[in-house]
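Take a look at the structure below.
The values are calculated or read from the model by the stated rules, or taken from the named source; none is laboratory data. Keep in mind the model is a prediction, meaning the values are calculated, not measured. Positions of Cβ are backbone-derived with ideal geometry, glycine not excepted, and every protein chain shown enters the neighbour counts.
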Amino acid sequence: MESIEGVQPSSSRTPGVDINAIGTFEGTGIYDVDLDSFEDKPWRKPGADITDYFNYGFNEYTWKAYCAKQKQMREDQHQRKKIHVYESKQEMNNLPELQSINQSSSGGQEHNRFPQQRGRGK
């Protein structure tokens, strides 16, 4: 792979930049900054260019909604990481915790947890 001086291959991390980090403003996470607490709100002044203060079409109100949504999505993602999802019955059966439960409840014999009901259907 040919390299260009001063440019790192895309597979390496850019030093000093963590795209997953939450930015801060005066030591507070950017999503936790309370715009209502600002004494001076220069974006509200007549003739102010709101794009000097908010990017991507945001304004004071849409930014607050966006921050609330980001915080909720991050919390949801954090909670999902705590939940183990198993792709197959085989994966579940390989868990040591379940193996000991299955063996003790069936006397070492594997059994059908949901036996078919008789007398239904045909």
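For (1) part of a loop (DSSP other than H, G, I, E, B); (2) modelled with pLDDT of 85 or more, each residue gets a yes or a no:
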site	(1), (2)
Tyr61	no, yes
Glu91	no, no
Glu97	no, no
Ile101	no, no
Gln117	yes, no
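Taking every residue in segment 69-83 that is farther than 18 Å from Ile30 by Cα and pairing it with any residue that is exposed (fewer than 10 other Cβ atoms within 10 Å of the Cβ) and small (Gly, Ala, Ser), at least 6 positions away or on another chain, yields no pair with a Cβ-Cβ distance below 7 Å. Taking segment 14-33 as the range and being in contact with a strand residue (DSSP E or B) (Cβ under 9 Å, 6 or more places away or on another chain) and over 14 Å from Lys64 (Cβ atoms) as the test, the residues that pass are Ile22, Gly23. Every test in (1) at pLDDT 65 or above; (2) surrounded by 10 or more Cβ atoms within 10 Å (Cβ to Cβ); (3) part of a helix (DSSP H, G or I) is passed by Ile22 save one, and that test is (3).
This table checks each residue for (1) β-branched (Val, Ile, Thr); (2) touching a helix residue (DSSP H, G or I) at 6+ places or on another chain (Cβ under 8 Å); (3) free of Cβ contacts under 8 Å to residues at least 12 places away in the same chain; (4) surrounded by fewer than 10 Cβ atoms within 10 Å (Cβ to Cβ).
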residue: Phe38; (1), (2), (3), (4): no, no, yes, no
residue: Trp43; (1), (2), (3), (4): no, yes, no, no
residue: Pro46; (1), (2), (3), (4): no, no, yes, yes
residue: Asn55; (1), (2), (3), (4): no, no, yes, yes
